[in-house]
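Peer 1: One structure coming up, written as structure tokens, with questions to follow.
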Amino acid sequence: MNKQSMKRVLSFGGAVAFLGLAAQVSAMDGEQIIKDNCLQCHSETGDSAAPFSRISQQRKTPESWQATINRMKTQRGLKISKADEKVLLKYLADNQGLAPSETMGLRYVLEREPNVVEQNVPQHVAEMCLGCHSSARSGLQRRSQDEWEKLVHFHLGQFPSLEYTAGARNIPWFDIAINDTSKKLAADYPLKSQAWDDWKKAAKADLKGDWAVSGYMPDKGEYSATLSIMPNKKDEYILLINGHYADGSKLSGSGSAVVYNGYEWRASIIIDGREMRQVFAASADGKALSGRMFLSKEDAIGGYVNAKKVDKAPTVVAVSPTYVKRGETTKLRITGTNLDTNIDLGKGVKAKLMSKANDHLIVEVTVDAKAATGVRSVSVAGSELAGALAVYDKLARVEVTPSYSIARVGGAGAGYDKEKSLYRAVGYSAGKDGKAGTADDVKLGFMPATWTLQPFDEVAEHDNDLKYAGTIDANGIFTPGGAGPNAERKMSTNNAGNLKVIGTVADGANKVAGESQLIVTAPDLVREFIR
Ligand code: HEC
Ligand code: HEC
């Protein structure tokens, strides 16, 4: 198996039907709904620990439960009222979910992070399953051995041509899947786990209160805000958000949220007239929320969010930019609340308060020409954020993230949207050995860059991919070309392309560029989540 087919670049496509607001749920309601709606096909087992056939022996995320219920409706003929479906989803997600630790490292599919190249995919999953969807889809489920085997049967029953698809046609797919892959999945992702037993017993935090938020939107830049979370019904909240973008302009919005399984935060919020989704995880102590917020209509356009619960104590959430240069004076934004003027950026870095808002401070920072380089803490009013600020003397290297990405043509009356891709530049200084590209390089963080495209190789140059495949804007957002054959191109091929995305960062007069590969291709009709 070659390298290309071992990795799968994830994309989630445009609009997604999302989990609606949950209703107040008791276990009784959930079980009754199953009895009333599912038993014409499923059966009662008589085993109180696993009362319903096929339903009780699996645990999954709210999104996966929604996908299964959707399949019952669209493929199997389940009829269920909207109200009952909401209660059922909440019941299944709460009672047959994953512990927070069981979702760690795989949350990118829930967060709809575009262009993830999955890491550490188990070999057997890479060979057997990556042809159609992420490895995280199975990594975010827990099943009995029998249910992993039934999943294999389901795949072949549902997709009889599976054994003829690329990667499967040259191997006895079914034999391997049933005799080997399902056993390994059952060992790696078992139904019963200590983590889940512990999480079920754990007291769940109440998230109501004010939160200090730091985040990024590709087309708006970094922002800081206060998110007020107000209780509505059990596990449901009303939201208000107010804050500022990095350029000082105001941000405000309101919305609502549901918490599944004690920590899976899903919110709909309209900010400055745009409808967004939040997919966050709450920390076990209920003091941190983190995840991704993105446009409901275009989930590629989004960014990571970090929030800390505000109490009376001062809280520093983030610093931006995350680097300052020796011998220079710059402005720094410190996001957080209850911050007064006791700002300590360590030896050799002086800070002067310029302005103060409810969600951030602006400070003028002067860095001594001899200040120690490297990463240091930022402390304000006794609240310390470790490793928050890098002092550097020279930008040595720029990495463009993601390092490999796929955008997909669309629009032009094709019935599917363009799938954009987006880029950021991460700067590094050389570290103690003075050499760029070694293990001791110091990460400076995201830096502003100018964006350009180049053909990736001679073929791309010859085919003039640059002219047809798409364009990149000043924010690093790439928009692919229109769908369909293009009469101007050789053999009327479509607007596919193989490009280099080049991000150039100016460090004074010193310009440092980084690059990554971008494939522009046809749409992916298997979406990460089924609508
Ligand atoms: C009209 C028949 C029918 C009804 C009604 C029905 N199911 Fe199913 N269900 C099936 C069939 C057939 C399968 C096996 C194929 C599959 O997984 O899609 C299945 C499989 C499942 C599975 C296993 C899926 C997996 O990934 O392994 C779950 C869970 C499930 N159903 C839940 C439900 C719930 C909950 C309800 C009621 C709200 C329900 N079903 C109602 C026919 C039905
Ligand atoms: C031929 C393409 C294809 C291959 C190969 C494939 N899958 Fe899938 N898989 C799908 C599709 C499509 C769905 C969504 C089905 C639906 O809900 O309508 C799915 C659904 C799933 C689900 C969610 C089921 C649920 O309802 O909870 C899991 C878990 C899963 N696959 C695991 C695997 C594993 C493990 C392998 C490798 C052994 C694999 N898949 C190989 C296409 C594929």
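Bear in mind these aren't lab numbers, they're just calculated from the coordinates by the rules spelled out. These numbers come from a predicted model, not from an experiment. Neighbour counts run over all protein chains shown; Cβ positions are idealised from the backbone, glycine included.
Peer 1: Among 43-54, 502-513, what's the highest-first ranking by average C-beta atoms within 10 angstrom per residue?
Peer 2: On the way: 43-54: 12.5, 502-513: 15.5.
The packing order, highest mean first, is 502-513, 43-54.
Peer 1: Arrange the following residues from fewest to most other Cβ atoms within 10 Å of their Cβ: D524, D417.
Peer 2: Numbers: D524 19, D417 16.
In order of increasing Cβ crowding within 10 Å: D417, D524.
Peer 1: Between D344 and K370, what FRET efficiency follows from the Cβ-Cβ distance if R0 is 22 Å, with the result rounded to 0.05? Spell out each step's value before the answer.
Peer 2: Values: r = 18 Å, r/R0 = 0.84.
Taking R0 as 22 Å, the efficiency between D344 and K370 is 0.75.
Peer 1: Per q in 0.08, 0.16 1/Å, what log10 I(q)/I(0) does a Debye calculation on the alpha-carbon atoms of region 3-198 return?
Peer 2: -0.28, -1.18
Peer 1: Could you work out how far apart the two model spin labels at K467 and N358 are, taking each label as a point 7 Å from the Cα in the direction of the beta carbon, and quote it in nm?
Peer 2: Output for this residue pair reads 5.5 nm.
Peer 1: Another question, if that's okay. What is the gain in length, in nm to one decimal, between A474 and I270 on full extension, counting 0.36 nm per residue of separation less the C-alpha to C-alpha distance?
Peer 2: Numbers: separation 204, 0.36 × 204 = 73.44 nm, distance 2.48 nm.
Contour length minus the Cα-Cα distance gives 71.0 nm.
Peer 1: Please sort 395-403, 250-258 by packing, taking for each peptide the average over its residues of neighbouring beta carbons within 10 angstrom, highest first.
Peer 2: Numbers: 395-403: 19.9, 250-258: 17.4.
Packing order, densest peptide first, comes out as 395-403, 250-258.
Peer 1: Could you give the size of the charge dipole of region 97-179 about its Cα centre, using +1 on the Cβ of each K and R and -1 on the Cβ of each D and E, expressed in debye and rounded to the nearest 20? It would help to have the intermediate numbers written out before the result.
Peer 2: On the way: 7 positive and 10 negative charges, 31 e Å.
Dipole size: approximately 160 debye.
Peer 1: Using a Förster radius of 41 Å, what is the FRET efficiency between Q40 and D198 based on their Cβ-Cβ separation? Nearest 0.05, please. Numbers along the way, then the final one.
Peer 2: Numbers: r = 36 Å, r/R0 = 0.89.
After rounding, the FRET efficiency stands at 0.65.
Peer 1: Which one, Y404, H153, A449, is farthest towards the positive end of the dipole of the chain when Lys and Arg carry +1 and Asp and Glu -1 on their Cβ?
Peer 2: Comparing the listed Cα positions along the dipole, A449 ranks first.
Peer 1: Bin width 5 Å, origin at 0, all Cα-Cα pairs of region 397-521: what percent of pairs per bin?
Peer 2: 2, 12, 19, 19, 16, 12, 9, 6, 4, 2, 1, 0
Peer 1: For region 450-531, how big is Rg over Rh, using alpha carbon atoms and the Kirkwood form of Rh?
Peer 2: My calculation of the ratio gives 1.06.
Peer 1: Of H133, H244, how do they rank once you tally other Cβ atoms within 10 Å and put the fewest first?
Peer 2: Numbers: H133 18, H244 21.
Ranked by crowding around the Cβ, least crowded first: H133, H244.
Peer 1: For a distance above 39 Å, tell me the whole-number percent of Cα pairs in the chain that qualify.
Peer 2: Details: 45969 of 140715 pairs.
Across the chain, Cα pairs with separations above 39 Å total 33 percent.
Peer 1: Report, in debye and to the nearest 20, how large the dipole of region 332-452 comes out about its Cα centre when Lys and Arg carry +1 and Asp and Glu carry -1 on their Cβ.
Peer 2: Details: 16 positive and 13 negative charges, 50 e Å.
So the magnitude is around 240 debye.
Peer 1: Identify, among Y223, V317, S296, the residue whose Cα sits farthest towards the positive end of the charge dipole of region 171-322, taking +1 on the Cβ of Lys and Arg and -1 on the Cβ of Asp and Glu, with the dipole about the Cα centre.
Peer 2: V317
Peer 1: To continue, here is another question. Contour minus end-to-end for D29 and C132, with contour as 0.36 nm per residue of separation and end-to-end as the Cα-Cα distance? Numbers along the way, then the final one.
Peer 2: Details: separation 103, 0.36 × 103 = 37.08 nm, distance 3.58 nm.
Full extension from D29 to C132 adds 33.5 nm.
Peer 1: With +1 on each Lys and Arg Cβ and -1 on each Asp and Glu Cβ, how big is the dipole of the chain about its Cα centre, in debye rounded to the nearest 20? Kindly include the intermediate steps, with their values, before the conclusion.
Peer 2: Working: 67 positive and 62 negative charges, 99 e Å.
Dipole of the chain, to the nearest 20 debye: 480 debye.
Peer 1: Along the charge dipole of the chain, which of L385, N486, V375 sits closest to the positive end, that is, farthest toward it, with unit charges on the beta carbon of Lys, Arg, Asp and Glu (+1, +1, -1, -1)?
Peer 2: Among L385, N486, V375, the one farthest towards the positive end of the dipole of the chain is L385.
Peer 1: Assuming 0.36 nm per residue, please report the length gained on full extension of the stretch A509 to I178 beyond their Cα-Cα distance.
Peer 2: On the way: separation 331, 0.36 × 331 = 119.16 nm, distance 6.08 nm.
Extra length available between A509 and I178 comes to 113.1 nm.
Peer 1: Same structure, new question: Helix-only estimate, please: 222 nm mean residue ellipticity of the chain, summing -39500 (n - 2.57) across DSSP H runs of length 4 or more and dividing by its residues, to the nearest 500.
Peer 2: Numbers: 14 runs with 99 residues, N = 531.
Value at 222 nm, helices only, nearest 500: -4500 deg cm²/dmol.
Peer 1: Considering every Cα-Cα pair within region 331-475, what fraction, in whole percent, is farther apart than 27 Å? Intermediate values should be presented prior to the final figure.
Peer 2: Details: 4716 of 10440 pairs.
Taking all Cα-Cα pairs of region 331-475, the fraction more than 27 Å apart is 45 percent.
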